[in-house]
Amino acid sequence: MADYATILVDDAGPIARLTLNRPDKRNPIGPATCGELVAALAAIKARPEVRVVILTGAGTAFSAGGDLTAMQSTQGPTGTLVDLFSAMHELGKPIIAMVNGAALAGGLGLMVACDLVLASDAALFGTTEIAVGLWPMMITAEITRSVGRKRTLDMMLTGRKLDPSEALDCGLVNRVIPAAQLEAETMKLAGEIADRSPAALSLGLHAFYRSQDMEFEPQLRYLQAELGRVLALADAAEGISAFLQKRKPVWTGK
């Protein structure tokens, strides 16, 4: 296991966990954290035994946003949100955000970049950059793919914070869970997904993100070709056989 300064990594089993680990600063996202997350995701991508990733924050916050101190630094960055969001969408393994507290500004973008989001009923959400004279440029690409234009601009122009029910209603999160049950429910969901074909998950996730901005007919043709790739998988043949034989499938990831 690599030694990181701003994150904790536990990738010993089929469910890996990445934890933003600067709780005293409410887990800010700066160049160092972006670089370390990219490195950790690259290591996880190379390990076929890892099926699902959980991303969370240490302490009482998921992430309160960008590291403003690092933004003023003259030192060269070790990683960017471009690198990080690209790595997340190219991982080919589901990433579940387990949001234990505030997810604000860049922290909200990181949350939305995950494939699924389970949030505590004590969490808080918002694009608060405008309060310090900034604009959430990079995370716009993620948020506008999950939330409609009017709702997004309301958040960005006012900087107001959303409670969990509002976040659920506008599509920022998938489920709101009582804080005491968040860990158990997230692990349950991760276990269910980890029990699926890793080959089908990988092809499906890549196809989802690569096709999302295509015109309708090119998208259909691309997805038709990807369907052929899925049907050609050994896992697809095993899944169909297992269904017909009323048994649990044994995935090979091929």
(message) For the condition surrounded by 10 or more Cβ atoms within 10 Å (Cβ to Cβ), of a type outside the set (Gly, Ala, Ser), free of Cβ contacts under 8 Å to residues at least 12 places away in the same chain and under 25 Å from Val99 (Cβ atoms), what is the one hit in Gln219, Gln212, Gln181?
(response) Gln181
(message) Checking the condition in contact with a Pro (Cβ under 9 Å, 6 or more places away or on another chain), surrounded by fewer than 23 Cβ atoms within 10 Å (Cβ to Cβ) and at pLDDT 95 or above, which residue from Gly57, Gly92 passes?
(response) Gly92
(request) Sort through Gly13, Gly30, Gly66, Gly76 and tell me the only one that's within 24 Å of Ser202 (Cβ to Cβ) and at pLDDT below 95. (result) Gly13
(request) Give me a count of the residues in the range 229-251 that are free of Cβ contacts under 8 Å to residues at least 40 places away in the same chain, in contact with a helix residue (DSSP H, G or I) (Cβ under 8 Å, 6 or more places away or on another chain), closer than 21 Å to His206 by Cα and not in a helix (DSSP H, G or I). (result) 1
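Hey, can you tell me all the residues within the range 23-52 that are charged (D, E, K, R) and surrounded by fewer than 22 Cβ atoms within 10 Å (Cβ to Cβ)? Working first, answer last.
To start, the set of residues in the range 23-52 that are charged (D, E, K, R) comprises 24-26, 36, 45, 47, 49, 51.
Listed by number, the residues that qualify are Asp24, Lys25, Arg26, Lys45, Arg47, Glu49.
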(message) If I ask for residues that are in contact with a strand residue (DSSP E or B) (Cβ under 6 Å, 6 or more places away or on another chain) and surrounded by fewer than 17 Cβ atoms within 10 Å (Cβ to Cβ), which ones from the range 184-200 would you list?
(response) Glu185
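Given the residues Leu227, Leu172, Leu203, which is the only one that is surrounded by 17 or more Cβ atoms within 10 Å (Cβ to Cβ), out of contact with any Pro (no Cβ under 7 Å at 6 or more places or on another chain), outside the structural domain of Thr19 (by TED's automatic domain parsing) and on the phi < 0 side of the Ramachandran plot?
Of the residues listed, the single one that is surrounded by 17 or more Cβ atoms within 10 Å (Cβ to Cβ), out of contact with any Pro (no Cβ under 7 Å at 6 or more places or on another chain), outside the structural domain of Thr19 (by TED's automatic domain parsing) and on the phi < 0 side of the Ramachandran plot is Leu203.
The values are calculated or read from the model by the stated rules, or taken from the named source; none is laboratory data. Remember, it's a predicted structure, so these values are computed and weren't measured experimentally. Every residue, glycine among them, receives a Cβ derived from its backbone with ideal geometry; neighbour counts consider all protein chains shown.
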